[in-house]
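Worksheet for the structure shown next.
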Amino acid sequence: MKATIESVNLQTREWEGKNGTVVFISGAFADGSGWSVGVKPENKAARLAELEALIGKEGEFELSARDDYKGIKQWSVKAWPGKPAFTPGGGGRREMSPSERSEIRAEVALKAAAEIAPHLTSPGLLENTLQCADLFYEWITKFSSGAAATGLPPAGNGRGGTRQPSSLRSPGHD
């Protein structure tokens, strides 16, 4: 919906909810209706600045109607021009250290090798499993480090072809 912010109230309200504290920023649109938006406390200053920068500028807002207050139409603001886009992966998650990523890669490689090794017909199942784990780890490390821009592994075995590495082929199968 097209709207123009007329004012932003610098005094905010806080509310304690089941998911923590929410800070409500409010103001008025040029048509006389009121608006409010709930933000995380750590985002309060940035959101106030973003909304103040929109004063007097018509823009596209995503609004949800709320009950009138003292005869004045009220809106809950869901999105506004320039609102930062949601980026998945938040939620209090922290960045993994290189050693944690390496441990996960090793676990994935060993699991994959353990699943494929019983299907190999060459002698030495344990040696094949460990060799297979080494190759999977190398492959996972290579393609999880951003080498594949699309996030998808290349066709074949990552070496330009589609043949299985010789260490994993059964004798007599080329």
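Sum up the charges of everything whose Cβ sits under 11 Å from the Cβ of VAL22, counting Lys and Arg as +1 and Asp and Glu as -1, but leave VAL22 out.
Charge balance near VAL22 sits at +2.
Would you mind computing, in nm to one decimal, how far apart the modelled labels at GLU62 and LEU130 are, each placed 7 Å from Cα along Cα→Cβ?
Placing both labels 7 Å along Cα→Cβ, they lie 5.4 nm apart.
Taking other Cβ within 10 Å of each residue's Cβ, how do LYS18, LYS78 sort, fewest first? Write out the running numbers ahead of the final one.
Details: LYS18 4, LYS78 11.
Ascending number of Cβ neighbours within 10 Å: LYS18, LYS78.
For a footprinting-style exposure proxy, rank LEU51, LEU135 by other Cβ within 10 Å, fewest first.
Numbers: LEU51 23, LEU135 19.
Exposure proxy ranking, most exposed first: LEU135, LEU51.
If you keep only loop residues by DSSP, which trypsin sites (Lys or Arg not before Pro) in segment 27-59 have at most 14 other Cβ atoms within 10 Å of their Cβ? Can you show the working numbers first?
Numbers: sites: LYS44, ARG47, LYS57; in loops: LYS57.
The qualifying sites are LYS57.
In what sequence do LYS2, LYS142 fall when counting other Cβ within 10 Å, fewest first? Walk me through the numbers on the way to the answer.
Values: LYS2 7, LYS142 14.
Ordered by Cβ neighbours within 10 Å, fewest first: LYS2, LYS142.
Report the label-to-label distance for ALA49 and ASN9 in nanometres (one decimal), using points 7 Å from each Cα along the Cα→Cβ vector.
About 2.4 nm separates the two model spin labels.
About the Cα centre, and with charges only on the beta carbon of Lys, Arg (+1) and Asp, Glu (-1), how big is the dipole of segment 2-79? Nearest 20 debye, please. Before the final figure, lay out each step's value.
Values: 11 positive and 12 negative charges, 34 e Å.
For this selection, approximately 160 debye.
Among the listed pairs LYS40/LYS142; LYS57/LYS78; LYS18/LYS57, which have their C-alpha atoms separated by more than 27 angstrom in this model? Provide the component values of the computation, followed by the final result.
Values: LYS40/LYS142 38 Å; LYS57/LYS78 18 Å; LYS18/LYS57 35 Å.
Correct reply: LYS40/LYS142; LYS18/LYS57.
Just so you know, all these numbers are worked out from the coordinates, no wet-lab data involved. Just so it is clear, the structure is predicted and the values come from calculations on it, not from any experiment. FYI the Cβ positions are ideal-geometry reconstructions off the backbone, even for glycines, and counts take in every protein chain you see.
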